[in-house]
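Q: Shown below is the structure under consideration.
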Amino acid sequence: MKRTISFVLNGEKIETEVEPHWTLLYLLRERFELTGAKEGCGMGECGACTVLVDGNAVTSCIFPVMEVDGKDVLTIEGLLGEGNELHPLQQSFLDNAGVQCGFCTPGMIMSAKALLAENPRPTEDEIRYAIAGNICRCTGYAQIVKSIKEASEAKSNKQEK
Ligand code: FES
Ligand code: FES
């Protein structure tokens, strides 16, 4: 039986009908066509589906959609600024070759976003710990860590979105 939930999605108030067995990832991709979050494993193991719920990084592939009710959801699409200006993390991943195939990138960036909100100047170890749940099969992680480090040092990051 369908239920109605309301929540904030990338800054916009949403009220929508859902099936209670849906996951947040299904809602984002199939109802709202927000395809940045990816389904890799579908089991909470790879981090490709990471989005923020009330500022916390969650694996949306196993996050029950009913738990979104009344919460604030931020996806990679919500990081763009006015005129589609890239968020400092997005820009840094481009500048530092933190993206290869790109499949892990939205999840990596959302985990990094949660980290920098709590810890604006993380050490390399802290960065590696924060993205420990995000698997990348391409980069070897060095460029990803560099991207996050440089974003944390960027002046523009002080006006955290
Ligand atoms: S798809 Fe969600 S953790 Fe892998
Ligand atoms: S860039 Fe391909 S999985 Fe990370």
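The values are calculated or read from the model by the stated rules, or taken from the named source; none is laboratory data. Quick caveat: nothing in here was measured; it's all calculated off a predicted structure. Positions of Cβ are backbone-derived with ideal geometry, glycine not excepted, and every protein chain shown enters the neighbour counts. Note: accessible area is taken over every heavy atom of the protein model, side chains too, but ligands, DNA and RNA are not part of it. Shrake-Rupley method; radii C 1.70, N 1.55, O 1.52, S 1.80 Å.
Q: How big is the charge dipole of the chain about its Cα centre, in debye rounded to the nearest 20, if each Lys and Arg gets +1 on its Cβ and each Asp and Glu gets -1 on its Cβ?
A: 260 debye
Q: Please give me the summed charge of the neighbours of GLY107: other residues whose Cβ is under 12 Å from its Cβ, Lys and Arg +1, Asp and Glu -1.
A: That works out to 0.
Q: Further question: What is the total of Lys pairs in the chain with C-alpha atoms under 28 Å apart, excluding same-chain pairs fewer than 8 positions apart?
A: Lysine pairs, 8 or more places apart or on different chains, close enough: 26.
Q: Quick check: net charge around LYS13, other residues with Cβ under 14 Å of its Cβ, Lys/Arg +1 and Asp/Glu -1?
A: Overall, the nearby charge balance is -3.
Q: With label points built 7 Å along Cα→Cβ from the Cα atoms of ASP69 and ASN119, find their separation and express it in nm.
A: Those two pseudo-labels are separated by 3.5 nm.
Q: Also: Would you kindly derive the ³J(HN,Hα) couplings of the range 82-92 from the backbone phi angles with the Karplus curve 6.51 cos²θ - 1.76 cosθ + 1.60 (θ = phi - 60°), listing them in order in whole Hz, with x for Gly and Pro?
A: 4, x, 6, 5, 5, 5, x, 5, 4, 5, 5
Q: So how far apart, in nm, are the two label points at HIS21 and ALA142 if each is 7 Å from Cα heading toward Cβ?
A: For the pair HIS21/ALA142, the computed spacing is 4.7 nm.
Q: Return one whole number: the accessible area per residue of the chain in Å², for a 1.4 Å probe.
A: Per residue, the chain has an accessible area of 53 Å².
Q: Another question, if that's okay. Sorted by mean Cβ packing within 10 Å, highest first, what order do the peptides 46-53, 14-21 take?
A: 46-53, 14-21
Q: List, in order, the whole-Hz ³J(HN,Hα) value for each residue of the range 23-30 obtained from phi through the Karplus relation with A = 6.51, B = -1.76, C = 1.60 and θ = phi - 60°; use x for Gly and Pro.
A: For the range 23-30, the Karplus curve yields 9, 4, 4, 4, 4, 4, 7, 8 Hz.
Q: Another question, then. What's the extension gain from LEU80 to MET43 if we count 0.36 nm per residue and subtract their Cα-Cα distance?
A: In short, 10.5 nm is gained.
Q: Report, by chain and number, residues whose modeled amide H sits under 5 Å from the one on LEU9, excluding near sequence neighbours (fewer than 5 apart, same chain).
A: ILE14, VAL73
Q: Could I ask something else about it? Quick check: at a probe of 1.4 Å, how many percent of the accessible area of the range 1-159 sits on carbon and sulfur atoms?
A: The C+S portion of the solvent-accessible surface of the range 1-159 is 47 percent.
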